[in-house]
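Any read-out appearing in this document is the output of simple, stated calculations on the displayed coordinates, not a laboratory observation. Everything numeric in this text was worked out from a predicted model, so none of it was measured. For neighbour counting, all protein chains shown are included, and Cβ atoms are generated from backbone atoms with ideal geometry for every residue, glycine included.
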Amino acid sequence: MNIIITISITAFIVLYAGLFKANRALLPLTVVGLLTALGFTFCAWNGNAVHFGMMQTDNFALAFSGVCIVGTLLIFLLTQNYFAAKSSNIAEYYTLILFALAGMIMMVSYKNMAMLFVGLEIMSVSLYILAGIRKQDFASNEASLKYFLMGAFSTGFLLFGITLIYGATGSFDLDKIQAYLVDNSKSISPIFYPGVILMMIGLCFKVGAAPFHFWTPDVYEGSPSLITTFMSTVVKTAGFAAFLRLFASSFAPLHDFWVVPLTVIVCLTLFIGNVTALFQKNFKRMLAYSSISHAGYLLFSLIVLSKNSENNVLVYAAAYTFASIIAFAVLILVKQKTGSDSFESFNGLGKKNPLVALSLTVAMLSLAGIPLTAGFIGKYLMFLNVMGEYKTLLVAFAILNALVGFYYYFKVIVAVWFKDGAETELSTPGQYKVVLLVSVAITLILGIYPAIILNLI
Amino acid sequence: MENLTTQMAGVPLNHYIYLCAIIFTIGVIGVLTRRNAIVIFMSVELMLNAVNLLLTAFSVHSNDPSGQVFVFFIMALAAAEVAVGLAIIVMVYRNTKSIDINVLNRLKW
């Protein structure tokens, strides 16, 4: 509860600071606010408090809140010179990102479906504005309108699902829904099943899983790069936490029913994400498709529900978030220098910018899932979990897709180190160096010594 | 109010479910087939209103007020969405002089 209040108050203070033209104070204020929220997250650890029957800050919620807050903090550090070059009202950017973060904290800690809906909408409405915040840029406009129409459409599905489940169980409370399923396991109301499917569709739209992914590449490409970073890392993590909270706990008694459509969605997502990413010429669009394929791996944990599922998703989401932040940070630097985000503009990056190139290499290795990086641990845990029930074909399919992924991630590494290019020297501001170093450190520490996060939840 | 709830409860619940499913489907078909951003938007609202009606019906039939409270949440957030959505549509219109979503084809693979 304190976490949401802190973040919301910070958002308002930042908005007023912008009103009084205190542009230099914006970043320090935001960082202090977020660090305070992070402090509250640590204080509430193991508390398992329930707030008014609406939110439950158990360790699951707190761990995901922590990942979201740290991710947002790193993204805020990337704002140096980024927004100021494009617009004079930078306070609004900060405020909207903070409001979106407040929505996400609600999404990861809801105990009542009403909070899921409210949190999701707070996050989405802020993101619609952020996607289209470059009013004169047509790509940004298009991204915003597409995101808005798809987002509103998917909210409709989600709500209809919630309504049908309410009709069947008479409650929005997650525990009561689970109790209903356990008590009436032989006589579950027939409207419950379409409810589950509709909610699954609504949430798959939000996390960008195939076949509901078609908006993702366009929106990610058209939005400003920093907002894309936010959408594809922190927002995605929160979406998965919300998905998991619902399906791994409340709907767990119906696992046999919803695992079938989920398996189809996972296979489609992995296949479409990886294969389409192969053909991309544009680095940003490649990252968008790679984020679709990672959505597939994240959903993979729900195919076999075990006590480790939640922790596996946390590890994978953390690995993916920090690796992607590095990739996008480098993309922003390259784009500022060369004005293009195609693969060619990365050629010969390693000769003049060893730090940036090395960080990008670590990020790509982690996204591909090479040992000694966090991405490997994430993938290993996912596959191990599913192998626990001997679903060999499924694991083989996923590993095959991971191998396809190697190709396009290594294409970047090859371009950076082995191809001859313009050999431009990037101007790397201090804050970017901090973000790169912190993210690389987290990626390597989680990869070499995963025990610190393995039994967190 | 008491009279209204008894009247609402007089209609069998199945009829509400069918009616709302039909309205919802009309909304979905509208979103999928129409090309005008505002009409798509209206279809989305139709979907949300189908949900509102069904929530109210369930709420009355199970004598549980929380469903009706949820309707207020949906109305409030739908209003916020309308405000942002119309602003986005106006922004697109200013740049392209059109609200046909077929103009949204510059981002392609």
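Mind listing the Cα extents of the stretch A:1-107 along all three principal axes, in Å, largest one first?
Answer, in whole Å and largest first: 43, 23, 19 Å.
In nanometres, what is the gap between the two model label sites at A:V260 and B:A21, each 7 Å from Cα along Cα-to-Cβ?
1.8 nm
Amide H neighbours of A:A44 under 5 Å, at least 5 residues apart or on other chains, H built in the peptide plane: list them.
For A:A44, whose amide H was placed from the backbone, there are no distant partners under 5 Å.
For A:K186, go through the lysines and keep the ones whose alpha-carbon is under 23 Å away, minus same-chain ones fewer than eight residues off.
By straight Cα distance, A:K186 reaches A:K176.
If exposed means no more than 15 neighbouring beta carbons inside 10 Å and the site is in a DSSP loop, what's the longest run of chain A without any exposed GluC sites (Glu not before Pro)?
After excluding every exposed loop site, the longest remaining stretch is A:1-388.
Can you tell me the orientation of helix A:255-278 relative to chain A, as the angle in degrees between its alpha-carbon axis and the longest Cα principal axis, to the nearest 10?
20 degrees
How high is the relative contact order of chain A, given as a whole-number percent (alpha carbon pairs under 8 Å, six or more residues apart)?
Computed value for chain A: 14 percent relative contact order.
Filter the chymotrypsin sites (Phe, Trp or Tyr not before Pro) in the stretch A:157-253 down to the DSSP loop ones having no more than 15 other Cβ atoms within 10 Å, then list what survives.
When the chymotrypsin sites (Phe, Trp or Tyr not before Pro) of the stretch A:157-253 are filtered for loop state and at most 15 Cβ neighbours within 10 Å, A:F214 remain.
Can you compute the modelled spin-label distance between A:F406 and A:K186, with each label point 7 Å from Cα toward Cβ, in nm?
5.3 nm
Just flag the chymotrypsin sites (Phe, Trp or Tyr not before Pro) in the stretch A:342-424 sitting in loop per DSSP whose Cβ has no more than 10 other Cβ atoms within 10 Å.
Answer by residue number: A:Y390.
Evaluate peptide A:113-122: per residue, the Cβ atoms of other protein chains within 10 Å of its Cβ; return the mean as an integer.
Average neighbour count from other chains, rounded to a whole number: 3.
Pop out the ³J(HN,Hα) list for the stretch A:295-310 in order, Karplus 6.51 cos²θ - 1.76 cosθ + 1.60 with θ = phi - 60°, rounded to Hz; leave Gly and Pro as x.
Rounded to whole hertz, the list is 4, x, 5, 5, 5, 3, 5, 7, 5, 10, 8, 9, 5, 8, 3, 5.
Which semi-axis lengths, in whole Å and largest first, follow from the square roots of five times the eigenvalues of the Cα gyration tensor of the stretch B:10-98?
31, 16, 5
What's the average, rounded to a whole number, of partner chain beta-carbon atoms within 10 Å of each residue's beta-carbon in A:136-149?
6
Considering the options B:G27, A:M382, B:H61, tell which one lies farthest towards the positive end of the dipole of the protein assembly as shown, charges being +1 on Lys and Arg and -1 on Asp and Glu at the Cβ, about the Cα centre.
A:M382
For chain B, what relative contact order do you get, as a whole percent, if you take Cα pairs closer than 8 Å and at least 6 residues apart?
Relative contact order comes out at 26 percent.
Return one number: the angle in degrees, 0 to 90 and rounded to the nearest 10, between the long axis of the Cα atoms of helix A:59-77 and the longest principal axis of the Cα atoms of chain A.
Once rounded, the angle reads 20 degrees.
Along the stretch A:127-138, what does the Karplus equation 6.51 cos²θ - 1.76 cosθ + 1.60 (θ = phi - 60°) give for ³J(HN,Hα), rounded to whole Hz, x for Gly and Pro?
6, 4, 5, 4, 4, x, 6, 8, 5, 8, 8, 5
Give a quick list of trypsin sites (Lys or Arg not before Pro) in the stretch B:16-109 that DSSP marks as loop, anything other than H, G, I, E or B, with at most 16 other Cβ atoms within 10 Å.
Loop-located and lightly packed - B:R34, B:R35, B:K97, B:R106, B:K108.
Kindly list the residues of the stretch A:271-308 that lie in the label zone of A:Q80, defined by a backbone N under 12 Å from the point 7 Å along the Cα-to-C-beta vector.
none
Provide, in order from the shortest bin, the percent of all Cα-Cα pairs of the stretch A:255-414 in each 10 Å bin, continuing until the bin that contains the maximum pair distance.
Spelled out per bin, shortest first, that is 11, 41, 31, 13, 4, 0.
Which values, in whole Å and largest first, are the semi-axes of the equivalent ellipsoid of chain A obtained as the square root of 5 times each eigenvalue of the Cα gyration tensor?
The three semi-axes for chain A are 33, 26, 20 Å.
Residue-wise, which Karplus ³J(HN,Hα) couplings in Hz belong to the stretch A:357-366, taking 6.51 cos²θ - 1.76 cosθ + 1.60, θ = phi - 60°, and x for glycine or proline?
Karplus values, whole Hz, x for Gly and Pro: 5, 5, 4, 4, 4, 4, 4, 5, 4, 5.
Among A:A319, A:M1, A:Y110, whose Cα sits farthest toward the positive end of the charge dipole of the protein assembly as shown (+1 at Cβ of Lys/Arg, -1 at Cβ of Asp/Glu, about the Cα centre)?
About the Cα centre, the residue reaching furthest to the positive side is A:A319.
Of the listed pairs A:K146/A:K337; A:K236/A:K337; A:K111/A:K307, which have alpha-carbon separations greater than 26 Å here?
A:K146/A:K337; A:K236/A:K337
To the nearest 10 degrees, how steeply does helix A:174-183 sit against the main Cα axis of chain A, on a 0 to 90 scale?
Taking the Cα atoms of chain A, the angle to A:174-183 is about 40 degrees.
Hey, got the average number of other protein chain Cβ atoms within 10 angstrom for residues in B:86-93?
Averaged over the peptide's residues, the number is 5.
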